[in-house]
1. Over the chain, what is the mean sequence separation of C-alpha contacts under 8 Å (at least six apart), divided by residue count, expressed as relative contact order in percent?
2. Working out 0.36 nm times the residue gap between Ala53 and Asn31, then minus their Cα-Cα distance, what length gain in nm do you get to one decimal?
3. Can you give the extra length, in nm with one decimal, that the chain gains between Glu6 and Thr80 once fully stretched, where that is 0.36 nm per residue apart less the Cα-Cα distance?
4. Please list, or write none, the aspartates and glutamates whose alpha carbon is within less than 17 Å of the alpha carbon of Lys65, excluding same-chain residues fewer than 8 places away.
5. Specify which labelled value, from (1) 25, 15, 11; (2) 43, 14, 11; (3) 33, 14, 12, agrees with semi-axes √(5λ) of the Cα gyration tensor in Å derived from the coordinates of the model shown.
6. With labels modelled as points extended 7 Å from the Cα through the Cβ direction, what inter-label distance (nm, one decimal) is found for Ala101 paired with Ser40?
7. Using 7 Å Cα-to-Cβ label points, what is the Arg87/Arg66 separation (nm, one decimal)?
Amino acid sequence: MQKSPEVFAALADPTRLGLLGALAQGEKTVNELVAPFDMSQPAISRHLKILEAAGLITRRVDGTKRPCRLAPEGLAQIETWASMMRRAYAANYDRLDAVLADISKGEKE
């Protein structure tokens, strides 16, 4: 599994996010992925190489085609990070609620 910075750097580009969205619907070939984008096939292939290096997609050889699909391990890493951030924010909001409750209690007294 890749490190988070590489994964999030790969996700920083809107085209790569669009490619992941397309792959969320199922396995697709490079030519199928090129169709909705105003880009050349080599440009899409470069984006796919970045996603593959980050561990977000996998490719397999099927004759002359190289179908791509989402890589569950890479997506699990994103989910782990998001869960960690969700817990951290919840803890911060809980502390803020306690402080605000103390302030409100002090004003009433």
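1. RCO, the chain: 28 percent.
2. 5.9 nm
3. So the extension gain works out to 25.2 nm.
4. Straight-line reach from Lys65, under 17 Å: Glu27, Glu32, Glu52.
5. Computed from these coordinates, semi-axes √(5λ) of the Cα gyration tensor in Å corresponds to label (2).
6. 6.2
7. Taking the simple label geometry, Arg87 and Arg66 are separated by 3.8 nm.
Only the coordinates and a few stated rules stand behind these numbers; no lab work does. Owing to the predicted nature of the structure, the values given are computational and were not obtained by experimental measurement. Please note: Cβ atoms are built from the backbone with ideal geometry, for glycine as well, and neighbour counts cover all protein chains shown.
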